[in-house]
Structure formats: C-alpha cells, structure tokens
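Engineer: Please see the structure below; I have some questions.
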Amino acid sequence: MTGFLKANYHTHTYRCQHAYGSEREYIEAAIRMGIAELGFSDHVPCPFKDGYVSGIRMTMEQAPEYVYAIRELGKEYASDIKLYVGFEAEYIPEFFKEQEKALIPDDLETGETIKTPRGTFYVTAMSREQMEAAGYGLHHQSDDGKYLIMGNGTRAFAIFAEQPENYLKAAEQTTEQNYNMIDGQINNTPTVAELEAKVKAGETISLVDLAEAVKADKERGKAAKTEKKPSIRAQLRADKEKTAQKKAAKSKNHELEV
C-alpha cells in the first residue's frame, strides 16, 4: 500500500499510574516496529475542590515536566521518529459541575436528623473533604460512631463517618472503563479475543494489529505468572460491587429504623 503512514497517537506514560516503562523505552520500541510518528497523550490533570486525588492521571505539578521531557526526547530522536506531546481530555459533566459550584451543607441535606448529647443535627451527604473545603471542622462524633459532627463556629451538620465512594472517582473510572483505557498495557493494545470479536461483528483488522495483539497477550501471560494481583478491571468491578452492597445495606438499615 502506498502512502501508508504507520503511527500511534495514544501512548500513556507512568505518570497516569496505569502504564509502565519509560518514555525512551516506548520510543525505541516504536522505532523497531517501524512507526514513523508517535504521540504521547497522558490524561489531562484535573484539580478537584473536595480533595479527591485521581488514581488514573498525573498531578498538576507533573504537567510541565511531562511536556518538557517529550519535547527533549523529540529532539534527540528527530532523525528516527516524529514525536508529539498532548493530553487525553475527557468530558465528564460531574467534573465541571464540581469546578463551577462551591457546595454548602444545605445543598445536600438528606432530610434526616441525628441526636447526640450536644444537640440535634441535620445530616448532609457532603464528604468530610467537601465540608473541610467549605470551612467546617470536626466537632465531635456520635455515640454510635456512625456520624461525624462538623461545625464552623456558628453552624454544625452531621455527615456519615463511613464515607461513600467519591462520585468523581466513580464517574472518572467509569469513563475509562467504557473506552477500554485502563488495562496496564503499553499503548492499550487490544487482546486477540477482542480482535476476534471485531471480526465476528463484521469489522476488518490488520495483520499488524493481530501480530501486536498476539505479542501483547504473551507479555500479559508472563506478567500474570510473576504478579498475581487482580487486574484493574477486576478491582473496579469488585469496588463497584462493594459500593452497591454498602448502599443496599445502609438503605435496609434505614428502613428498619424508621
């Protein structure tokens, strides 16, 4: 085929926390494979107001160094390959809502109240981090240990001592799962089974993609033998199931108490 450019514009680095190896290793592997253009696209960093720290993207402080490192390597390997540096940016409404609106306890009141020896307090669904960001500090804990009373000197609210999973984390990781980006593999190479599914669905695949998938499957097999920890997909499914079970149990307990 004439005019065919072999390129890859979706390559993560260790900074995203679900890739491994160095940028130099990626570049040299790409050169050996005959790739003419390689694009680095780590997840764009996001500052969250409630203290949530993402587990699948770089920090704000790492961004300048990331750009600088790729540009310097681009100069070093200019005669062998063309490098690009950019960011993978997801549109997740929850992120923007969080940035646009400063939450206050009244916004997320559940309608419940709890009593402690120090008074009666309305329950809010805000997290401890959100309460602290709004200027509230820990005042005391309920006798049964289920609630924390957070106050700002003039007002006080109760929050759950056992915090539910941060909704930003759930939204962020759901998006990653949907787009098949969390797999711990260099360049997110699809598996042979995934390519076979595409063929059965009537899609076409290239022999190059199939060869790379076979190689990646072998590497995954080696990694599984040496490191028997569960995959990230399995961890996400387990976390989701635990969260659902906790919510169901909490709802059942509330019905019994009422």
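Bear in mind these aren't lab numbers, they're just calculated from the coordinates by the rules spelled out. Since the model is a prediction, treat every value here as computed from it, not as a measurement. So basically every Cβ, Gly included, is an ideal-geometry build from the backbone, and we count neighbours across all protein chains shown.
Engineer: Computed FRET efficiency, Cβ-Cβ of T191 and A133, R0 41 Å: what is it to the nearest 0.05?
Structural biologist: Approximately 0.50, to the nearest 0.05.
Engineer: Sticking with this one: Given labels modelled 7 Å from the Cα in the Cβ direction, how far is it in nm from A244 to K198?
Structural biologist: 2.9 nm
Engineer: Using 0.36 nm per residue of separation minus the Cα-Cα distance, give me the extension gain between T154 and K75 in nm, one decimal.
Structural biologist: Working: separation 79, 0.36 × 79 = 28.44 nm, distance 5.91 nm.
Gain on stretching T154 to K75: 22.5 nm.
Engineer: Take the residue pairs K6/K198; K82/K200; K6/K218; K6/K215; K75/K218 and return only those whose Cα atoms are more than 27 Å apart.
Structural biologist: Where the Cα-Cα span goes over 27 Å, the pairs concerned are K82/K200; K75/K218.
Engineer: How do D217, D143 rank when sorted from fewest to most other Cβ atoms within 10 Å of their own Cβ?
Structural biologist: Sorted ascending by nearby Cβ count, the order is D143, D217.
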